1. Please express the Cα-Cα pair-distance distribution P(r) of segment 61-150 as a list of whole percents, one per 10 Å bin, running from 0 to the bin with the greatest distance.
2. For residue 658 paired with residue 149, estimate the spin-label separation in nm (one decimal), with each label point 7 Å from Cα along the Cα-to-Cβ line.
3. Residue 454 to residue 170: extension gain in nm, 0.36 nm per residue of separation minus the Cα-Cα distance?
4. Excluding same-chain residues fewer than 8 positions from residue 49, which lysines have a Cα within less than 23 Å of its Cα?
5. Please list, by residue number, everything in segment 151-182 whose backbone N is under 15 Å from a paramagnetic label point 7 Å out along Cα→Cβ of residue 14.
6. Please find the FRET efficiency linking residue 30 to residue 60, where r is the Cβ-Cβ separation and R0 is fixed at 30 Å, and quote it to the nearest 0.05.
7. What full-extension length gain, to one decimal in nm, is calculated for residue 483 and residue 541 as 0.36 nm per residue of separation minus the Cα-Cα distance?
8. What percentages make up the Cα-Cα pair-distance distribution of segment 32-107 when the bins are 10 Å wide from 0?
Amino acid sequence: MGSEMCIRDSTVRAVRSGEVQLKFILRPPQLEPPPPILAGARLAVDAAKAEVVKALDAAVCAATEEEEHASASRYSQMVADAEAATLAELNASFEDSREAWARELQAFVAYVTAEVPAVRSVVAQLARGRARPLKTEPCCVLWGSRTMTVQWPDGAPYQAHAETLSQVNLATGAELFRTVDSWIGEAASAVERGRHGSDAARAVAGGVLVLGRDVNMFAAGCCAADREGVSRPSRVVVLTHCACAYRDAYENACRSSVPIRLIFARKVDTGNEGYRYSPASLFATASRTCRTRAAVGDCQPQHVSDPTICVVTASRRGLGAAASETLRCMPNLQALVYVACATRPLVTDLVALLGPGGFRVVAVRRFDHFPGTRFAGAALLLVRRPPSLVLPVGPAGSGKSSLARALSVAMPLGTVLVIERDAVYAAARYRVGATPSSCAMRMSITKAKQLTHIEMADRLTRGLHSGAICVVDSCNASTAGREYYRRLLIAAAKQLRAQCDQSAENCTPLTTCIEPGEAALQHVFAGWPPLCVTVVFAPADTRAIANGELRRLLLSRVRARARAPTDELPATTAEVSECSVCVNVEGANRHPTFPDAGEPAKQERALDATMDAMEWPCADEDDVTLVTSQADRHGVPLPLLPRTRVMLRIDPLDGVSTDEALYRLFAALFWQVS
């Protein structure tokens, strides 16, 4: 293509239809000093790129649907002008050899199309120096069309630019598309059935928010697909930082019959995490109004509820903790599909998404886009975590408090609320700082139990309403007592459901900003059944209980705990939960109600009384039958069919470590993958 032309780089792009696009990064002849016509062409390109930047600035500042549409239209036109100016600069670079350049280009295209008939276009970027140009630099068309038509299985066709064709492995890309498409349908069906009791397959009142770089694949290609028997979302909101994807999204929105909102948001420097989406831009997305048709200028705006489903395409550095916490705090967001191309930042984002009032993982798929390399992708389906209760069952020394503390410390602040019944009782019976032997400062046992009963119910209800996972740290020996806590769980779930229905009827956009990381936030619940996890600290073989083997182990544990120096004791529950109170008895850091090391006889009597009173859970009490069919009786497909009651058994005689027990409890609460 000319002895003075340098091809710095070349890329071959292919789509499922078999069409191929060739992209070159060209370094034209370096003429010094540049002739006037070349200098003028370079000035024209610089001026056009400046207009492109202004158009993007206007898109960032757009506050209404009309401004968003106008900004996208102007940006698309400015980019087209910049591409035309770039092509003029390329032609001007040859000065006296333009005709030869044109002939060689024509001959090259004829040769390539003859050898590879699937080639549909040839595009190029210019490199004025030795450095590789940015992907946002104008990409001029040398032959054919600027974009290619992409269509995944059962999806809608959409247009994609050379720099927005991110799925280079067509086989895994098609499987990823099928997976995300089915998850969106399942989540939409479950959300709508939970709110309205309807059987709509995918009629999402709040719409779908698509975030990231692959917005065209999942917005125009997936959500906007018109398929028989499958209703589409009421709207699709597109938020992206990629200028190329933003332009393609505008052109696809103009062709779509589904209303697609277009929002461009630059990433901001967050310090240690680098450039990420800002929480302000995400909240603005949830609070703006929406029109019935984004591509038509005469539509009237209407208030709608916030998005109920979100599809996130994270970069190699992840979404970022701030943006993840913002999505977690978004009202009405009930399901989230997280598409990751790197595993390490995925863990950081998940910690934030699983935080207070957050989500739980119900499905996971791994995609090996680049076989034989260390790069692997994944997709996760998260749904809003329902009101959750943990009931550890076992005598003193079985490990209940250790597990509760470990769960509280492992998760972000406010995710887990540990309510220690013995501490509540001790605070009611004795004044803080008093001793059990000080009769003048005691309350009667009957009155203290009554106050404890009221206080436990109040703290549990408030904790469930705040979105925290509540752990009732007690022996929970009585079947009736455990059932009472479950009734409180169901009552709180019904109240949250009523609040959610009222919010959906009002259909008001978000007007207030909840700061990410706040421990107290209004928990939004769309009808997922409440979850109760019963953790039984006892061997499955009842003979180990009858022959005293378990009693001897527990007695040695409580005596070792009572003899431990203060500086060797683990952190008390009061240090990780504001609802726990530890009474200082005779200056020692000890259990609030259990006898201390100086009273071994009382220790034995207290442990024997507790073990005699234990009513161990059975299968009839905790329905742990796992559903193996592909749908429940209402037609909700797996993996969105949650388990309402789960029973875990941890045998103290087996020497199960706290980490292993924590892993099993974490899976029951946060990782219900079928």
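The values are calculated or read from the model by the stated rules, or taken from the named source; none is laboratory data. These figures come from a predicted structure and were not determined experimentally. Here the Cβ positions follow ideal geometry from the backbone for every residue, glycine too, while neighbour counts run over all protein chains shown. Surface areas here come from the heavy atoms of the whole protein model, side chains and all, with no ligands, DNA or RNA. Shrake-Rupley method; radii C 1.70, N 1.55, O 1.52, S 1.80 Å.
1. 14, 34, 33, 13, 6, 0
2. Each label point lies 7 Å from its Cα, and together they span 6.3 nm.
3. Details: separation 284, 0.36 × 284 = 102.24 nm, distance 6.03 nm.
That pair, residue 454 and residue 170, stretches by 96.2 nm at full extension.
4. List returned: 23, 135, 267.
5. 167-174
6. Numbers: r = 36 Å, r/R0 = 1.20.
Efficiency at R0 = 30 Å is approximately 0.25.
7. On the way: separation 58, 0.36 × 58 = 20.88 nm, distance 2.41 nm.
Contour length minus Cα-Cα distance gives 18.5 nm.
8. Spelled out bin by bin, segment 32-107 gives 20, 33, 25, 15, 7, 0 percent.
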